[in-house]
Amino acid sequence: MKLTENFTLQEMIHSNTAIAKGIVNMPNEQQINFIRELCINVLQPIREEFGVPIRISSGFRSPRLNVAIGGSTSSQHCALRGAAADIQMDEMNAEIFNYIKDELIFDNLFGSLVMGKTQIGFTCHFTREIIVNKFLKQ
């Protein structure tokens, strides 16, 4: 299922751990909508800005998969109130992080140059103004 011009549901749910452990990692309709919103509002704009493919190292996780990898019980990867993705783009992670921070809507952003990835959480009901104000008040 195509979610945006450059992202499919298949790449957002792919998990080597799920395959190895025989875990079904399929979101329901509401979760698919959250994942689609993440793709529309965050991932597709990154793809268009940088013009190179983005590798999703972790996208949706079913509750069983989340437990199997030791994920947090409140992980946005489970798409209960939003969605999350860990992404990698060759040698561009600092640029991606800064672009997301400065230009896109998100509610959780973590960049690791050592690990070479950027983690993004996106909650559909948040707006950039709410998020920025939240962080300014902390």
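Being under 29 Å from E95 (Cβ atoms), of a type in the set (D, E, K, R) and either out of contact with any Leu (no Cβ under 6 Å at 6 or more places or on another chain) or outside any helix (DSSP H, G or I) (or both), is that true of even one residue in the range 33-45? Yes, because at least one residue in the range 33-45 is under 29 Å from E95 (Cβ atoms), of a type in the set (D, E, K, R) and either out of contact with any Leu (no Cβ under 6 Å at 6 or more places or on another chain) or outside any helix (DSSP H, G or I) (or both). The criterion of at least 3 residues that are of a type in the set (A, V, I, L, M), touching a Ser or Thr at 6+ places or on another chain (Cβ under 9 Å) and at pLDDT 75 or above is met, among strands (runs of 3 or more DSSP E) falling completely within the range 68-138, by 83-88.
If only residues of the range 12-50 that are of a type in the set (D, E, K, R) and surrounded by fewer than 16 Cβ atoms within 10 Å (Cβ to Cβ) are counted, the one that is farthest from the chain's Cα centre (by Cα) is K21. With respect to being surrounded by fewer than 16 Cβ atoms within 10 Å (Cβ to Cβ), within 16 Å of the chain's Cα centre (by Cα) and of a type outside the set (A, V, I, L, M), P53 fits the description.
The values are calculated or read from the model by the stated rules, or taken from the named source; none is laboratory data. Since this is a predicted model, take the numbers as computed values, not measurements. Methodologically, a virtual Cβ is constructed for each residue, glycine included, from the backbone with ideal geometry; neighbour enumeration extends over all protein chains shown.
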